[in-house]
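Structure first, commentary second.
Every number in this text was worked out from the coordinates using simple rules, so none of it is lab data. Keep in mind the model is a prediction, meaning the values are calculated, not measured. All Cβ positions, even for glycine, are placed from backbone atoms using ideal geometry, and neighbour counts span all protein chains on display.
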Amino acid sequence: MAAASSFDIVSKIDLQEVDNALNQASREISQRFDFKNTGTSISWSGDKAVEISANAEARALAALDVLKDKLVKRGVSLKALDAGEPRQSGKEVKISAALKEGISQEQAKRLSKLIRDEGPKAVKVQVQGDELRVTGKKRDDLQDVIALVKEQDLDFAVQFVNYR
């Protein structure tokens, strides 16, 4: 009898990749002609937040687009970036963007209900903190669950780890 196979559904971000993307975006902003002498900057603000400042709202939004472009090229999902609205701060316009990690209880319940309702019947789902463990006897059933979750338009980034 074959042992049960399993995998975990998680929502994590690679902070090293985010740091690399931030450094690339900062370098591009410092070198691009349309950002010259505008005081536009992008930097870390705490552990999991980014701060963009510029002298005009359009420049701040353009810098945010540069950051998003670099994140995509580095394989970081934009669903993990929660950018706020531009706000006036003295003579500057600032945008704060937080990095979201982990699956909330509500999202986990919604995802497990989806897998139970539309996935293979032989698959079991357990919520373990901020991740989900999916277990089944057949690996093909687990592949079906991965395909089902990937085709959903979720409001958070998901990764599949510990596949055994």
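Checking the table Lys100/Lys150; Lys100/Lys124; Lys124/Lys150; Lys12/Lys121; Lys12/Lys137 against a 22 Å threshold on Cα-Cα, which pairs fail?
Numbers: Lys100/Lys150 19 Å; Lys100/Lys124 27 Å; Lys124/Lys150 18 Å; Lys12/Lys121 28 Å; Lys12/Lys137 27 Å.
Going by Cα-Cα distance, Lys100/Lys124; Lys12/Lys121; Lys12/Lys137 fall outside the 22 Å limit.
Taking the charge dipole of the chain about its Cα centre, with +1 at Lys and Arg Cβ atoms and -1 at Asp and Glu Cβ atoms, the residue from Gln126, Ala4, Val161 reaching farthest to the positive side is Ala4. Rg and Dmax, both from the Cα atoms of the chain and both in Å, are 19.9, 70. The sum of -39500 (n - 2.57) across all DSSP H runs of n ≥ 4, divided by the residue count of the chain, sets its helix-only mean residue ellipticity at 222 nm to -12000 deg cm²/dmol. With neighbours defined as other Cβ atoms within 10 Å of a residue's Cβ, the residues Leu154, Leu67, Leu22 order from fewest to most as Leu154, Leu22, Leu67.
Provide, for the stretch 15-99, the number of lysine pairs with alpha carbons under 23 Å apart, each pair being eight or more places apart or on different chains. Going through the stretch 15-99 pair by pair, I get 14. Put simply, the stretch 44-86 fits an ellipsoid with semi-axes of 18, 13, 9 Å; these come from the alpha carbon gyration tensor as the roots of five times its eigenvalues, largest first.
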